[in-house]
Amino acid sequence: MKAVITAIGGFVPTSILDNKTISETVETTEEWIEKRTGIKERRIAVGKGTSDLACAAIENLMSNYDVDASEIDALILATATPDHILAPTASKVCEQSGLVNAFGFDMNGACSGFLYALEMGATLIESGRYQKIIIVGADKMSSIVDYEDRNTCILFGDGAGAVLLEKTESEYGMMKSILRTDGSGTSALLVPAGGSKFPASMQSILHRKHFIRQEGSLVFKKAVESMSGVSKDVLASNGIEADEIDWVIPHQANLRIINAVSENLNIGAEKVKVNIDRYGNTTSATIPLCLWDFAADFKEGQNLLITTFGAGFSWGATCLKWGVMREKKTQKSIKTNNKKENILMPQL
């Protein structure tokens, strides 16, 4: 028994934070941002939380595919920006999405969270105890970004993506995955305060310790090295050659990282899916948003390689053979939120 993706949903807010607006607030230029990162704009969830993004992605999935919410056994929500430290955001998402028979929990694997959750969901199905599991990657990164810090405010955006995993006895579906963690890199990419080790205080707020801090050059180097290495390892473990991969779905952190990884794998750029220019780094949401954006390009039996890297350090890769999607309810476009609204810099 294997697990296969049978439905996809996604959501990005309508409000846009473009490079021009950022360049008017911090010391940078539109050209510098795009050259260094590949990002032109990112979406910002105004007045919404991560649960709202996740629910919207699930609603998009449910509204487009023939899926009965009461049949869902579990919800795994990958996020680094939960609505609250307590209670789990997944609980709220289950309730608002009508998943009345599902148990749900949050998983924080940072930018690797969706891949970790996908592997968890696949193993639950392979155990034979569960049949239908929704995996969501959702993050409101604007809630923890310091918009006075040029090194990080240019990178992140908000969004959510969701997939339905089901059991199958066919050749399609998830293959072997390799997941890795190296805690020695924790200090290079983190939000210093707000947890149990350094609870919120007047000092932590005054010193802006509740925002992302990143050692950019170290993270860049480690991301290229780790994503390239684990991708080669997972291809070998599944007995697949690089030229047999039809599509690569990489974490969307930086276009230069994506290009370096594809070069190291000797896989042409035409096979690599990229949407970082429109959304920025949405952390747990980058992989499912890529699957959602480019779902029409994936054909039955094609080989996909997914690879990611994030805080922790956390990274990993998996292969899957694309299967048969559930029947669509209507012929309307998957994307229902094409309207865009420009916004000012978020005030945090």
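For the stretch 175-321, the number of Lys pairs separated by eight or more positions or lying on different chains, with C-alpha atoms closer than 29 Å, is 28.
Mind listing which GluC sites (Glu not before Pro) in the stretch 1-43 are in a DSSP loop and have 14 or fewer other Cβ atoms within 10 Å?
Working: sites: Glu24, Glu27, Glu30, Glu31, Glu34, Glu41; in loops: Glu24, Glu27.
Of the GluC sites (Glu not before Pro), the ones in loops of the stretch 1-43 whose Cβ has at most 14 other Cβ atoms within 10 Å are Glu24, Glu27.
Backbone phi angles across the stretch 42-52, fed through the Karplus curve with coefficients 6.51, -1.76 and 1.60 (θ = phi - 60°), yield HN-Hα couplings of 9, 8, 10, 8, 8, x, 10, x, 4, 4, 5 Hz in residue order; Gly and Pro are listed as x. The calculated P(r) of the chain, using every Cα pair and 10 Å bins from 0, goes 6, 27, 36, 24, 7, 0 in percent.
Fraction of C-alpha pairs exceeding 19 angstrom in the stretch 175-321: 55 percent, rounded to a whole number. Computed 3J(HN,Hα) for the stretch 200-215, one whole-Hz value per residue from the Karplus formula 6.51 cos²θ - 1.76 cosθ + 1.60 where θ = phi - 60°, is 4, 8, 4, 5, 5, 6, 4, 8, 6, 7, 9, 10, 5, 10, 9, 8, glycine and proline marked x. Computed about its Cα centre, the charge dipole of the chain is approximately 400 debye, with only Lys, Arg, Asp and Glu carrying charge at their Cβ.
Relative contact order of the chain, taken over Cα pairs closer than 8 Å and 6 or more residues apart, is 28 percent. Computed on the stretch 166-238, with alpha-carbon pairs under 8 angstrom and 6+ residues apart, the relative contact order is 37 percent.
Given the chain, what percent of its DSSP beta bridges are antiparallel, to the nearest 5? Spell out each step's value before the answer.
Values: 39 of 57 bridges.
If we restrict to bridges inside the chain, about 70 percent are antiparallel.
Taking 0.36 nm per residue of separation and subtracting the current Cα-Cα distance, fully stretching the chain between Leu86 and Thr21 would add 20.0 nm. Applying the Karplus relation 6.51 cos²θ - 1.76 cosθ + 1.60 with θ = phi - 60° to the stretch 63-79 yields 3J(HN,Hα) values of 6, 9, 10, 7, 10, 9, 4, 6, 8, 6, 7, 7, 10, 10, 9, 8, 7 Hz, where x marks Gly and Pro. Ligands, DNA and RNA left out, the accessible area of the stretch 86-220 computed with a 1.4 Å probe is 53% carbon and sulfur. In the stretch 2-174, the convex hull through the Cα atoms has an average projected area of 10.8 nm², a quarter of its surface area. Think of the chain as having a plus end and a minus end, set by charges on the Cβ of Lys, Arg, Asp and Glu; of His251, His210, Leu305, His210 sits farthest toward the positive end of this dipole. Over the stretch 1-130, what relative contact order in percent results from Cα pairs under 8 Å that are six or more residues apart? Relative contact order, the stretch 1-130: 26 percent. Annotation: for a label point projected 7 angstrom from Cα along Cα→Cβ of Asn266, residues of the stretch 220-244 with backbone N closer than 12 Å are 241-244.
Under a Gaussian network description of the chain, with springs only between Cα atoms under 10 Å, the residue in Leu291, Leu265, Leu218 that fluctuates furthest is Leu218.
The values are calculated or read from the model by the stated rules, or taken from the named source; none is laboratory data. Computed from a predicted structure; not experimentally measured. When we count neighbours, we look across all protein chains shown, and the Cβ atoms used for this are built from the backbone with ideal geometry, even at glycine. Keep in mind that these areas ignore ligands, DNA and RNA; they rest on the heavy atoms of the full protein, side chains included. Shrake-Rupley method; radii C 1.70, N 1.55, O 1.52, S 1.80 Å.
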